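Since the structure comes first, as structure tokens, the remarks are kept for the end.
The values are calculated or read from the model by the stated rules, or taken from the named source; none is laboratory data. Since the model is a prediction, treat every value here as computed from it, not as a measurement. Note that each Cβ is placed from the backbone with ideal geometry, even for glycine, and that neighbours are counted across all protein chains shown.
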Amino acid sequence: MSERGSLLAQPLRAPSAGRFAAGVGLFLLGAVTGAAGALVQAGWFPGGLLLALAGSAGLFLGGARALAGRAGAVAPAAGWMIAVLLLTASRPEGDFLFGAGAGSYLFLLGGMALAVICATLAPVRQPPGDGVRLGK
């Protein structure tokens, strides 16, 4: 049995260069997915909304599985959220991308809910050792 203890009790380690690059890539891909979803959801209302949310959920869950942790879901979700929130703000000229319809609110709230769900369901690393109760 391992004497290392729980993962929560261990000191933080810096991520490797590969994991950091993958996180940055997922962040940028999340921003692109959020911008594309903002355009698609309004273009073809019922189908476009479902397509945009399915693409976002696929990216969040795929990132979580690719990095084998919650950081893989949080990175694209952060990029998605920043892109979508920047697109909802109106400009001084009065231009904006999102309308005040139900589809826009469903895209915004549904995407946030999917990000939380995918980050919660992401696989987490387990401490080394046998499968019985830890610390016994």
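Quick check on the stretch 75-96: of everything there that is of a type outside the set (Gly, Ala, Ser) and more than 17 Å from Phe27 (Cα to Cα), which residue is modelled with the highest pLDDT?
The selected residue is Thr88.
Could you grab the pairs with beta carbons closer than 8 Å, sequence gap of 6+ or different chains, first residue in the stretch 37-66 and part of a helix (DSSP H, G or I), second one loosely packed, with under 14 Cβ neighbours inside 10 Å and among the small types (Gly, Ala, Ser)?
Ala42/Gly99; Ala42/Gly101
Collect the residues in the stretch 75-94 that are part of a helix (DSSP H, G or I) and either without any contact (Cβ under 8 Å) to a residue 40 or more places away in the chain or surrounded by fewer than 23 Cβ atoms within 10 Å (Cβ to Cβ) (or both), keeping them in residue-number order.
Within the stretch 75-94, Ala78, Met81, Ile82, Ala83, Leu85, Leu86, Leu87, Thr88 meet the criteria.
Checking the condition in contact with a helix residue (DSSP H, G or I) (Cβ under 8 Å, 6 or more places away or on another chain), at pLDDT below 80, among the small types (Gly, Ala, Ser) and surrounded by 15 or more Cβ atoms within 10 Å (Cβ to Cβ), which residue from Gly103, Gly111, Gly72, Gly99 passes?
Testing whether each residue is in contact with a helix residue (DSSP H, G or I) (Cβ under 8 Å, 6 or more places away or on another chain), at pLDDT below 80, among the small types (Gly, Ala, Ser) and surrounded by 15 or more Cβ atoms within 10 Å (Cβ to Cβ) leaves just Gly103.
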